[in-house]
Amino acid sequence: MTHPPAYDDAHPYLRAASAGVRHHTRALARSDNAPPPPANRQHLDVLHGHLTALLLLLDQLGETTRPPHPAAGHHLGAAHTRLWQATSEVHAAFHLLPGSATAGAEASECRPDRLPEGPPVLTICQRHLAAGHVVRRKTTPTDLRPHTTACVR
């Protein structure tokens, strides 16, 4: 008979990811009084990856929690919606930052009618469109206001 893991061992990867985010935040707030560098596209691409992973986790937790605990499931659903809004804003910010010197403005746009040239634009847009598909299946447009789920900004 297997026993469930002890609380300290239950979610090591989730705790490690949280520790990594905390470490990164502290590293940005350096003590040498120099202002932190502005976000770049690679930074926002990685952050967007974390946010979409959290979206999947919240979605799964909400689905399994809702039947036995409807009120808690409702709150997890609301958190999922708010996290989607944050993810959408990070995606928009990614496209507003300058791209590589060789790519130009046209290559940095998110265009659902055609695929971008390559990473990181292709990666973040594919990830965002896939997450948006799941969100739109489970949420109403009213839930998402005043934010939009449109890829093109």
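Every number here is computed from the coordinates shown, using simple stated rules; none is lab data. Remember, predicted model here, so these are calculated numbers, not experimental data. Please note: Cβ atoms are built from the backbone with ideal geometry, for glycine as well, and neighbour counts cover all protein chains shown.
Computed values, structure above
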read-out: Local electrostatic count at A53 - Lys and Arg +1, Asp and Glu -1, tallied over other residues with Cβ under 15 Å; value: 0
read-out: Distant-in-sequence amide H partners of A39 (H built 1.01 Å from N, under 5 Å); value: none
read-out: 13 Å beta-carbon shell around R66, net charge (K/R +1, D/E -1); value: -1
read-out: Karplus 3J(HN,Hα) series, Hz, for the stretch 122-136 with 6.51 cos²θ - 1.76 cosθ + 1.60 (x for Gly, Pro); value: 4, 5, 5, 5, 4, 4, 5, 5, 5, 5, x, 4, 5, 4, 5
read-out: Paired Rg and Dmax values of the stretch 32-103, which use every Cα atom, in angstrom; value: 16.7, 54
read-out: Distance between modelled label sites at R136 and T64, nm, 7 Å Cα→Cβ extension; value: 2.9
read-out: Dimensions in Å of the stretch 8-62 - Rg and Dmax from alpha carbons; value: 14.1, 43
read-out: Under the Karplus curve 6.51 cos²θ - 1.76 cosθ + 1.60, θ = phi - 60°, whole-Hz ³J(HN,Hα) for the stretch 81-89, x wherever Gly or Pro sits; value: 5, 5, 5, 4, 4, 5, 4, 5, 5
